[in-house]
1. Once amide H atoms are placed 1.01 Å from N in the peptide plane, what residues at a sequence separation of 5 or more from Val59, or on another chain, have their amide H within under 5 Å of its amide H?
2. Assuming R0 = 30 Å, can you tell me the calculated FRET efficiency for the pair Asp340 and Glu374, based on Cβ-Cβ distance, to the nearest 0.05?
3. Through the Karplus equation 6.51 cos²θ - 1.76 cosθ + 1.60, θ set to phi - 60°, convert the phi angles of region 6-18 into ³J(HN,Hα) values in whole Hz; use x for Gly and Pro.
4. Placing +1 at every Lys and Arg Cβ and -1 at every Asp and Glu Cβ, with all other atoms neutral, what dipole size does region 117-274 have around its Cα centre, in debye to the nearest 20?
5. Once the Cα atoms of region 262-387 are picked out, what are the Rg and Dmax in Å?
6. When the expected Rg is taken as 2.2 N^0.38 Å, what fraction or multiple of it is the alpha-carbon Rg of region 201-350?
7. Rounded to whole Å and sorted largest first, what semi-axes of the equivalent ellipsoid does the C-alpha gyration tensor of region 1-159 yield via the square root of 5 times each eigenvalue?
8. Count charges around Ile156 for me, please; just the other residues with Cβ under 10 Å from its Cβ, Lys/Arg as +1, Asp/Glu as -1.
Amino acid sequence: GGRVTRAFVTTPSCAASRASLLTGQYERRHGYTFGAPPLASETVDATYPVLLREAGYRVGFVGKLGVRIPGDARARMFDSFAGGTLPYFRKAKEGEDRGRHLTDRNVDRAIAFALEEDERPFCLSLWFQAPHAEDANPEQYLWPARLDGLYADAEIPAPALSDPAFFDALPEFLRTGLNRERWYWRFDTPEKRTRMTRGYFRMLSAVDEGIGRLVAALEEAGRLDDTVIVLIGDNGYFLGERGYAGKWTMHDRSTRVPLVVCDPRADPGRRGVTQDAFALNVDVAPTLLDLAGIEAPEDVQGRTLRPLLDGEEVEWRGEVLTEHLWTHPKIPRTEGVRTDRWKYVRYLDHPEFEEIYDLRDDPDEGRNLARAAEQEALLWGLRGLCARAIEAVE
């Protein structure tokens, strides 16, 4: 497929980001995050599952939805729904294998849906729970037993910006949040950090294996050459960088995700290529609809990626707006804008603190230039760019 090297989520949190995947809208437009009411019924009616069903597709879902929807919405969205969330290993019921990992169980369900005998084309959303930590489990990262030895000899280097002096220089509200609490759960000693990071990588590899198993099943059934596959993450993830665990911030480690689109109809010369334009999670819904020949609703704020993937010359966005608007005592509400070179971050409840990073010279975002006197003009310019981006989204 084609890989987008600069793909980002508009909100680095699973609930809001998954709502953006469904709707093609930013968090401040669809209004969904943790603790919020379910998606509005009219918003549900404009999601890609509903629109594909109306166009004659058989639509299925497997895994973690992570979005509250009205009581009657599931029947409008999906022909088949198989939820599969934590725990990764469940208690055995009669006739079940308690040792089978959630990732493997969800792939089994996905294969069963994809191979059903049905004349209609299908759209399957396989939304993995992994590699999210099982927060209530002290082990945090749980993988299938067959991967026990994987990465056992791999060196795990120290994460970027993990020097305690960097963390100690942050303002108090960034030193006492949920990112830091979870750092203690996972990365507060070198031994724990190495063990936890290897576990995280094993969980990712189990997802890779599962996708490979699904692809192989489609190929064996003769359906792979008629199936578009899109891979994206719902948020980035800290593995000790900045002294953090989790996500939620506007830094690249938190907002940047993988994105691969494999379309068997693509010109052979466009396969295996990379694309460095800014792509967003809100682009997924209009891309899926475009690939199916369906016009996206007016409320969709993302753009179809098809022209980029086809190699067309097209005017594209020059900046990325990110936001985290959930009111939570340990996660600051945040907005930011990113260009090719610059990153600007502001905290809605702490206007006294802002961040600017020169991504060309400081890709780890470790040198905050916001208070440098010689950058005052840049600061005002980025403030204005962020305000205009928010106004456009609103």
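1. Asp79, Ser80, Cys123
2. So the FRET efficiency works out to roughly 0.90.
3. 3J(HN,Hα) across region 6-18, in whole Hz: 10, 9, 9, 8, 7, 9, x, 7, 4, 4, 5, 5, 5.
4. 460
5. 18.1, 53
6. Dividing the Cα radius of gyration by 2.2 N^0.38 Å gives 1.22.
7. Each semi-axis is the square root of five times an eigenvalue, giving 29, 22, 17 Å.
8. Residues near Ile156 contribute +2 overall.
The values are calculated or read from the model by the stated rules, or taken from the named source; none is laboratory data. All of these numbers come straight from a predicted model, not from anything done at the bench. Every residue, glycine as well, gets a Cβ built from its backbone with ideal geometry; the counts of neighbours run over all protein chains shown. Note: accessible area is taken over every heavy atom of the protein model, side chains too, but ligands, DNA and RNA are not part of it. Shrake-Rupley method; radii C 1.70, N 1.55, O 1.52, S 1.80 Å.
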